[in-house]
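Every read-out reported here was derived from the displayed coordinates using simple, explicitly stated rules and does not represent laboratory data. All figures in this text were calculated on a predicted structure; none of them were measured in a lab. We place every Cβ from the backbone using ideal geometry, glycine too, and count neighbours over all the protein chains shown.
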Amino acid sequence: MKLIRLRYKKWFNISKDGLTQNNPIAIAVLGICSALAVTNRVENAIAMGLGVTFVVIASSLTVSLIRRFIPARVRMVTYMVIIASFVIVVQLFLEAYFPIIAAALGAYVGLIITNCIVMGRAEAFAAKNPMRYTFFDGLANGLGYTYVLVLVALVREILAFGTILNYQVMPDGFVNWTVMAMAPGGFFVLAIFIWIIRELTNNYELQQ
């Protein structure tokens with residue numbers, strides 16, 4: 001019974017770490033480029049968030065599975081090949097079933113390969129832990145990334161276009177805030193969310 005409690009506690013701590021205490025965007029300040037580039041529309045933020053979540057889970061599980069067989073001197077190259085393989089899966093899936101979103105995201109889907117969140121979890125966690133913990137770590141970090149993207153996109157899309165998921169939610173007389181569709185608006189909204197999350201978690205220092 002004590003062993004079961006310890007395992008549940010570890011799973012809980014891993015999940016809390018990725019979602020709040022060490023949130024990839026708000027605390028670790030990773031994946032900022034995509035957080036600014038794709039959050040002008042909620043649908044784009046959801047697609048990017050789910051894509052990154054899938055890649056980080058799948059790549060981390062693969063690394064955890066074969067971690068004892070990866071030579072230390074080629075581990076980063078191995079991680080990159082594994083990550084790139086799953087990114088291709090995401091890109092092909094979007095192009096096949098959601099071509100409009102794939103076109104809107106453009107090169108940013110391919111750039112998941114260089115997203116420090118994915119590589120960071122492979123190196124910092126998956127290479128040192130068994131698959132049962134690696135899954136929760138990947139899921140928590142992916143969802144932690146996703147919910148920040150979606151919250152930022154909600155604010156930006158409402159103010160920039162008066163819509164949510166392309167459905168009109170603002171009155172006809174509403175004047176669109178053009179700046180919210182641009183990078184400066186993204187910086188402003190993202191900074192507010194980072195401040196809120198850091199206040200809630202009492203974490204005010206940048207992670208090194």
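If you take the Cα centroid of the range 27-55 and the Cα centroid of the range 56-116, the two points sit 14 Å apart. Ordering R68, R41 by the number of other Cβ atoms within 10 Å of each residue's own Cβ, fewest first, gives R68, R41.
Under a Cβ-Cβ cut-off of 9 Å, what is the net charge of the residues other than M180 that fall near it, where Lys and Arg count +1 and Asp and Glu count -1?
0
Site pair W177 and Y97 shows an inter-label distance of 3.4 nm when each label is modelled 7 Å from Cα along Cα→Cβ. Take every Cα pair under 8 Å whose residues are at least 6 apart in sequence, average their separation, divide by the length of the range 30-153, and the relative contact order is 48 percent.
Is the shape of the range 22-71 rounded, prolate or oblate, going by the alpha carbon gyration tensor and its root eigenvalues a ≥ b ≥ c, with a/c under 1.5 for rounded and a/b larger than b/c for prolate? Since a/c reaches 1.5 and a/b is larger than b/c, the shape of the range 22-71 is classed as prolate.
Using the rule -39500 (n - 2.57) for each DSSP H run of four or more residues, divided by the residues of the chain, the 222 nm mean residue ellipticity is -21500 deg cm²/dmol.
Counting only residues at least eight positions apart within a chain, or on another chain, the aspartates and glutamates with an alpha carbon under 19 Å from that of K16 are D137, E199, E205.
Excluding I83 itself, what net charge comes from residues whose Cβ is under 13 Å from its Cβ, given Lys and Arg +1 and Asp and Glu -1? For residues surrounding I83, the net value is +1. Its Cα centre serving as origin, the range 59-208 has a Cβ charge dipole (Lys and Arg +1, Asp and Glu -1) of approximately 780 debye. Remark: spin-label model distance T163-W195 equals 3.0 nm, labels positioned 7 Å along the Cα→Cβ axis. The angle between the Cα long axis of helix 42-66 and the longest principal axis of the Cα atoms of the chain comes to about 10 degrees, rounded to the nearest 10. Once Rg and Dmax of the Cα atoms in Å is calculated for the structure shown, the corresponding label among (i) 17.0, 53; (ii) 16.4, 49; (iii) 18.1, 62 turns out to be (iii).
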